[in-house]
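Below: the structure, in structure tokens.
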Amino acid sequence: MTTRLAYGASVAAMAAALGAAWPALAQTGTQVEEIIVTAQRVEENLQDAPVAVTAFSAAALARSNVETLDDIAIRTPGFSMGKVDPIQQNFAIRGIGSAQGISQNAGGDPSVVLFVDGIYAGRGGAPDLDALDLERVEVLRGPQGTLFGKNTIGGLVQFVTRKPDDEPALRIQGQLGNYDRRAFNIRGNLPISETLAVAGGASIKKRDGYEFNETTGNRVNNEDLRTAHAALRFRPTDALDVVLAFDVTDQDQKGNPRDNICPTSFNNGVHCVGVNPDPRITNAYTDGVMRRLLKTYRAEVNWKTPVGTLTSITGLRDVKLNYVTPFFANPVNPPTQIESTETGYEKNQQFSQEVRLAFDLMDARLRGQVGAYFLTEDINRTAWLLQQFPAPAQTGLATYPQAVDSKSTALFGQLSYDILPSLTATVGARMTWEEKEGHFIGRKISGPGRPPPLGAEDYDVTADESWKAFTPRFALDWKPTDDILLYASAARGFKSGGFQGTAGTAASQSTPYDPEFAWSYEAGAKTQWLDNRLRLNLAMFRTDYKDLQVSQLVPLCCVVVGNAATAKIEGAELEFVARPFDGFQIDGSYAWLNAKFESFATGATANYSGNRLPRSPEDKINIGVQYETELAGGWGVLARVDYSNQSKMYFEASNIPQQKQEGYINWDGRIAVSSPDDRWEVAVWGKNLSDELVATYVTYFGLFRQTLVPYQPPRTYGVTLTWRM
């Protein structure tokens, strides 16, 4: 562990100890916030859920000025996030994430999945947080193969939206910031009758680009985003609750050309000849394009019957993506201009249906749920690859259309039985059947060369494959007191197999890669102390992976997904919240992660056994400090600072220096002043205050000794004005 991380861990331990030792005070304002979660598909207190889950309430999201999934990832132990660009994201939890390039592959799936109100969101990226009136966000760590199932082998992120209710409400918010940031958001709730209520909202966000393209004279990596949502809730009786909801995210902005560095790692390297050394200035021949239109239709029905609560969740997602990415558009050594551009279009339609019954028997001594799940996806994707090199034999344009139909069907159930009033045993299982059928084309359009690979022949193939998996879970939890929960569990996870994206040959394209499986063993404690003024939660785990899917960049060819033999992951995570006196809170987490390939030989010369898994930093710490007080006249002030420190990590299994992100620190801060009637609030905020340069994705072309990098946002700051009815 680095000296800074060791110091940070000591600070967290000291804060927890101070909270535990603080003398008893009046309870007003000193209680740790209670959070209800649905980590086990039923509502329960976070401290009663025997699983590793980090939850952010709507109030916590506002206090930390959380606006994106990046903000959530940096505050969650074991959770890291990479982005090819702002609409193609890769999540990793406890070292397990999507193979790089999966987002650009119609035949592949993620390892960490996003759910919105229980609906699987596999492709097209996450909706903007302003597209949803969030009640909370939950991050579940480790395989969730029993109750959630579909490709949740690494974990999942769950957005839970606020349902329309009986209280009229209106909130209007405006924001200004550097890079000419302008944002406006409105949301409201209106009860129409005793049985009917509606809610809705809309937002618009605009911002100049974080980078400047010297070739075109334009700022790139900007933001132009519009969202809207609407929901209707109908409760004709005490037993029936129906919610219909819709949200849309419309994104239309310039691309984010890569920074170009030669010849070592991007952290210590020098820029190529002819390239501006400023990492926020690029030299691409085109700005690129990012266009996304995401629509989601949701229906949830809860019906209380004599045998339990019957829940039906229906989801329809429609996604359209367009992008132009100049990922390789700079001089090389020796200085010669080359251009490589990927243009893509994708249309994805997804339908899912889940039905489950939650019940309790024997005076609630036996509790459980059973259900069935069906998902179908229709994915049509076309990629055009343009390659313009000095050598004519390496110049050309190729297209790679893909059409994939995917189906997933599952039966699942889980039972919990109180052996003693304080001791509970849980057994669950899921049986999943999956199939994929695809039509894949690789065709050279022009030029003597063919990107990728050079000299390849055209192909037009169809392929199909099916898989099945049994994913059980066993758990035991003991509650010796009302404030302490101890648990141990063993769970199996499964991720579907798939097909390549832009394969080099017909044989490679028509040959599927295998599913991956994992057994995870976890022990944890959830504790509250001093009348709930201090919360300490601990999880320790080990995960054994088989046939882990890993992507590799093949020189002058393509990104190929294959199965690494085995991987072993060990780690521990500590989370705490302390409120030692009225108005003051310190919270945070520390995660230690040892994620390595046990056996991974990629050929006669490359053996990655013993290397760290991509996007798996060994140490990660977060500390938040906030203070809230009331001034004369009833004006309220809340100040908060968030600190995070993450050790180095690699973006690729080879663990070469060119693919490494060095450890970095992030500081965020926010000060808010609210009126005596709580209707008005003005907040001044800043993010990445130390202006760290952090990569979101790294592509290393060893043949040309170049590293291509997009970056996280630089230092940003602004002011937000909010009015509430």
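Per-structure values
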{"quantity": "Debye-sum result for segment 60-162 in log10 I(q)/I(0), which assumes one identical scatterer on each alpha carbon, at q = 0.10, 0.16, 0.23 Å⁻¹", "calculated": "-0.24, -0.65, -1.39"}
{"quantity": "Relative contact order for the chain, counting Cα pairs under 8 Å that sit 6 or more residues apart, in percent", "calculated": "13"}
{"quantity": "Peptides 56-68, 630-642 ordered by average Cβ neighbours within 10 Å, highest first", "calculated": "56-68, 630-642"}
{"quantity": "Calculated P(r) tail over 17 Å for segment 626-725, as whole % of Cα pairs", "calculated": "64"}
{"quantity": "Unit Cα scatterers, Debye sum, segment 436-479: log10 I(q)/I(0) for q = 0.22, 0.27 Å⁻¹", "calculated": "-0.84, -0.98"}
{"quantity": "Between segment 399-449 and segment 67-101, the Cα center-to-center distance that results, in Å", "calculated": "20"}
{"quantity": "Kirkwood Rh in Å, taken over all unlike Cα pairs in segment 298-438", "calculated": "19.8"}
{"quantity": "Length added when fully stretched, residue 31-residue 582, from 0.36 nm per residue minus Cα-Cα", "calculated": "197.5 nm"}
{"quantity": "Shape metrics for segment 371-420, restricted to C-alpha atoms - Rg then Dmax, Å", "calculated": "23.8, 77"}
{"quantity": "Estimated inter-spin distance, residue 312 and residue 538, nm [label 7 Å along Cα→Cβ]", "calculated": "4.7"}
{"quantity": "For residue 52, residues with placed amide H under 5 Å, excluding near neighbours", "calculated": "141"}
{"quantity": "Per-residue HN-Hα couplings for segment 398-409 [Karplus 6.51, -1.76, 1.60; θ = phi - 60°; Hz; x = Gly/Pro]", "calculated": "10, 10, 9, x, 9, 9, 10, 10, 10, 9, 9, 10"}
{"quantity": "Rg [Å, one decimal], Dmax [Å, integer] - segment 365-460, C-alpha atoms", "calculated": "25.2, 77"}
{"quantity": "Dipole of the chain [Lys/Arg +1, Asp/Glu -1 at C-beta], most positive-end residue of 143, 588, 173", "calculated": "143"}
{"quantity": "Integer Hz, Karplus 6.51/-1.76/1.60 couplings in order for segment 440-447, x for Gly and Pro", "calculated": "10, 10, x, 9, 7, 9, 7, x"}
{"quantity": "Point-to-point label distance, residue 293-residue 566, nm (Cα→Cβ direction, 7 Å offset)", "calculated": "5.0"}
{"quantity": "Burial order of peptide ranges 311-324, 388-401 (average beta-carbon count within 10 Å, highest first)", "calculated": "311-324, 388-401"}
{"quantity": "At most 12 other Cβ within 10 Å, DSSP loop - chymotrypsin sites (Phe, Trp or Tyr not before Pro), segment 459-560", "calculated": "none"}
{"quantity": "Sequence ranges 609-620, 657-668, ranked by mean other-Cβ count within 10 angstrom, highest first", "calculated": "609-620, 657-668"}
{"quantity": "log10 of Debye I(q)/I(0), alpha-carbon scatterers only, for segment 456-602 at 0.16, 0.17, 0.21 Å⁻¹", "calculated": "-0.95, -1.01, -1.25"}
{"quantity": "Segment 543-681 - convex hull of the alpha-carbon atoms, volume per residue in Å³", "calculated": "156"}
{"quantity": "Size-normalised alpha-carbon gyration radius of the chain, reference 2.2 N^0.38 Å", "calculated": "0.95"}
{"quantity": "Relative contact order computed over segment 83-196 (Cα-Cα under 8 Å; 6+ residues apart), in percent", "calculated": "21"}
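Read the figures in this text as sums done on the coordinates, not as results from a lab. Keep in mind that what you see is a predicted model, and the values were worked out from it rather than measured. As a convention, Cβ positions derive from the backbone with ideal geometry for all residues, glycine included, and neighbour counts pool all protein chains shown.
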